[in-house]
Structures are given as C-alpha cells and as structure tokens.
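The numbers here are math on the coordinates, done by the rules we state, and not lab data. All of these numbers come straight from a predicted model, not from anything done at the bench. Counting neighbours? That spans all protein chains shown, and the Cβs are built from the backbone with ideal geometry, glycine included.
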Amino acid sequence: MRRLADAGFPRDFARAAVLPDWWEAECARDPDLLPDIELRVARFIRAPLSVVRDPAAALVAPGVPGARLRRVRTARPDRLAPAVYTGLQIAAAAVRCLREPARGLRVPPADAKAWRKEVPLNKMAVDLKGVVADLWARGIPVLHVEVLPTPSYQGMACVVEGRPVVLIGHGYDDPARLAFFIGHEAGHVANADCAVEQPVVDDQNDIPDADPIEKRADQYSADLLLGDANVPPNDTLDFRSLAAVCAFAGKPHGADPAALAWAWAERTKEFQTASMAVQALYRARGGKRILRELVDENLNLGDAAESDRSLLRCLYGDPERNATSG
C-alpha cells in the first residue's frame, strides 16, 4: 500500500479500486493472501509480477502520453497521470459492463442545436437528466467518479473499448452545473477532439484557456442547454432578481432557469450570486442521484468480472450523500 501511494494511488483509492470487496483490516495480517493482492496490483498498474513482488522496487503509475490536458495549472500536469490512467480503466470497465453491449454507437451531431431537438424534455426543458439519458441511449456512458487519485480533474472525454465515454470527477451536485460540464465533454466527443489513448482532460473550469477546442466545447454546451434563450444582460442583479429573470426568460425556449443563471455567472464571474439564485429556484441539488440512477439502469454488475466491479466501486460513494431532486 505504501508503494502504491508513492506511485500516486493513495490507500483510500487502492482500497476501493484494487483490493477485493471482501477485504477487511485483519486481512492485511494474513500472508496467505499476499499472492492474490500482488496479482491484483500487477494487473492494475500493468507491471511485471516480479516487480510487484520485490519490496525494494518502486511502483510507477502508467502514463498517458497522448492525453490533451486543458485548463491545467502549470505545476500539475505530471501529477494528473494517476487520475487520468485510472479514469481510462474505469471507463473501460463500464463499457465492458453495458447491459446492452451490442447497442450501436451514435455520436451527437457537431451542431449542438441540432442535437438539442432530439434530447427528451424534462418539465418542458432540456436539462441534465435528458442530456445524460440521451448520451446513454446513443451508447456513450456518462460516469460520475467520486473516488480518484488526487490531484484529480473536473471532466474527461475519452475513447475506450471502441466507445466514447464522458467522466466527471468533481463533487458538484447542482444538476444544471453538472449539465454544463457534461455538455462540454460531449462537445469534445461530437467534434472528435478525443481518440484512443488521447483523452481530453479538463482540470479546473476556472482556469482561462483560449485553445479553440475549449472555446468550441464551451459554446457547444451553451447551445445545447440554452438553445435560443438569452442570458440576462444585467450584470448587477441580486440573487432574487436573477432567479426571477431566469425563470421568465428560460420558459419560452425550453431552457432550465438554473442553466441560465450559471451561464450568467460564466459571463459576470458572480458565481456566488448564481449559486444563491439556483438555490432560490430549488434546483441546487440532486444531480449525482440522477447520474447514479442512469448508471444503475445501463450497467450490469451482476455478471461483471471482479476486477471490473472493483473499478466501478469508484463511481459513487455513500448513496446517502446523493440528495434527491425536486
């Protein structure tokens, strides 16, 4: 466990993703279990078993040299390698566990407004549930990963086992905010920004990034969620006024008022005001529950290999933390 931690995989993560589900603390004192654990570690980090068995040998996280790191702090790119590698392994496990493995793949169109017309509406609006349900129906898993090596990232779009996969690696529960992040990653998929062994990894949304693929993905998400609705032009609204304006402006265009509030925040950088407005709209919680329900609907863990089940334990932690939505 110490050597795994030195490689970038801390104990809490290794407990979830590498050790068997029957593992208990006293198991660490049973030398008869060591060969099985060594094999699991070797398989996870793709290292020779002889290296894993040598207590003097350093364990190393496999790199992903083709990863396109976006919005990344300059001091952090190399430190993201364990989290990026782990995300790819979790994504591959999810694809192998699809309930309908033969389901055809339909990538969303590059025109987000064209895709918007195909997304099922929820309360007459395009929102998180409709977007993510449509991605799953297209054969594209959307995974909220709660357990990753740190430092982690906010989102990743990748291609594994022949399919695009969208991963979200932060702890937000606000459905509209999650929808923006997922729409952004879906934009990378729709525009073929990611490929096999070449994921697009978005570290921190608050870091400016003028790269054309990031601007295009931001616009893609906005077009998908807002359609023709206009973001409130007043930059000095208090949270109550912002909530009222967004509720009025979004309805005729099938836009979630909370999505309009967050779009306003992206322009004004008044994120605290937007957060309070979303709470006033009673739309601030329940996103993680929606994502989990769709994972449960689309993945078959009953027939999964034990190693895949271990990786997929990272998708969500305590279900009591996933608040219900209104």
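Taken one residue at a time, the phi angles of the range 140-153 give Karplus couplings (6.51, -1.76, 1.60, θ = phi - 60°) of 10, x, 10, 10, 9, 9, 8, 10, 9, x, 9, x, 10, 8 Hz. Gly and Pro are set to x.
Counting only other residues whose beta carbon sits under 13 Å from that of Lys117, what net charge do I get with K and R as +1, D and E as -1?
Once all neighbours under 13 Å are counted, the net charge is -3.
Annotation for Trp22 and Ala110: the two label points, set 7 Å from Cα along the Cα-Cβ direction, are 5.3 nm apart.
How high is the relative contact order of the chain? Use alpha-carbon pairs under 8 Å, at least six apart in sequence, and give a whole percent. Relative contact order for the chain comes out at 22 percent. The simple Förster model, with R0 at 22 Å and r as the Cβ-Cβ distance, assigns Arg11 and Arg79 a FRET efficiency of 0.80.
Ranking request for peptides 294-307, 139-152: highest mean number of other beta-carbon atoms within 10 Å first, then the rest in descending order. Present the calculation step by step, with values, prior to reporting the outcome.
Working: 294-307: 14.7, 139-152: 21.0.
Highest to lowest by the protection proxy: 139-152, 294-307.
Taking Cα centre as origin and charging only the Cβ of basic (Lys, Arg, +1) and acidic (Asp, Glu, -1) residues, the dipole magnitude of the range 125-217 rounds to 320 debye.
Overall, the range 2-53 carries a charge dipole of about 340 debye about its Cα centre when +1 sits on the Cβ of Lys and Arg and -1 on the Cβ of Asp and Glu, all other atoms neutral.
For the chain, a Gaussian network of Cα nodes joined below 10 Å ranks Pro252, Pro62, Pro164 by mean-square fluctuation, and the top entry is Pro252. When shorter helices are ignored and each DSSP H run of at least 4 residues is given -39500 (n - 2.57), the per-residue value for the chain at 222 nm works out to -13000 deg cm²/dmol. Between Glu100 and Glu38, the simple spin-label model (points 7 angstrom out along Cα→Cβ) gives 4.5 nm.
Taking other C-beta atoms within 10 angstrom as a stand-in for reagent exposure, Lys129, Lys251 fall in the order Lys251, Lys129, fewest first. Amide H contacts under 5 Å for Gly155: Gly169, Asp202, restricted to partners 5 or more places along the chain or on a different chain, H placed in the peptide plane at 1.01 Å from N. Relative contact order of the range 2-53: 24 percent, from C-alpha pairs under 8 Å at least 6 residues apart in sequence.
Other residues whose C-beta falls under 12 angstrom from the C-beta of Gly254 contribute a net charge of +2, scoring Lys and Arg +1 and Asp and Glu -1. Rounded to whole Å, give me the distance from the Cα center of the range 136-213 to that of the range 31-64. After rounding, the separation between the Cα centres reads 29 Å. Its relative contact order, with pairs defined as Cα atoms under 8 Å and 6+ residues apart, puts the range 64-188 at 26 percent. Overall, the anisotropy analysis places the range 91-231 in the rounded class: the square-rooted eigenvalues a ≥ b ≥ c of its C-alpha gyration tensor yield a/c less than 1.5. Give the shape of the range 2-53 as rounded, prolate or oblate, defined through the alpha-carbon gyration tensor: a ≥ b ≥ c are the square roots of its eigenvalues, a/c under 1.5 means rounded, and otherwise the shape is prolate if a/b is larger than b/c and oblate if not. Here the range 2-53 falls in the oblate category.
In summary, the lysines within cross-link reach of Lys113, defined as a Cα separation below 22 angstrom excluding same-chain residues under 8 places away, comprise Lys123, Lys129, Lys215, Lys251. For the chain, the residue among Gly139, Asn191, Thr150 whose Cα projects farthest onto the positive side of the dipole built from Cβ charges is Asn191.
Where the only charges are on Cβ atoms (+1 Lys, Arg; -1 Asp, Glu), what is the dipole of the chain about its Cα centre, to the nearest 20 debye? Could you put the intermediate results ahead of the total?
Details: 41 positive and 45 negative charges, 70 e Å.
Dipole about the Cα centre, nearest 20: 340 debye.
Distance from the alpha carbon centroid of the range 246-269 to that of the range 89-113 works out to 29 angstrom. Anyone know which of Arg46, Arg313, Arg96 comes out most mobile in the 10 Å Cα GNM of the chain? Sorting by GNM fluctuation, first place goes to Arg46.
Here the Gaussian network model covers the chain, with springs between Cα atoms less than 10 Å apart; of Ala114, Ala274, Ala57, Ala57 fluctuates the most.
Computed from phi, the 3J(HN,Hα) profile of the range 29-39 under the Karplus parametrisation 6.51, -1.76, 1.60 (θ = phi - 60°) reads 9, 9, x, 5, 8, 4, x, 5, 5, 4, 5 Hz, with x in place of Gly and Pro.
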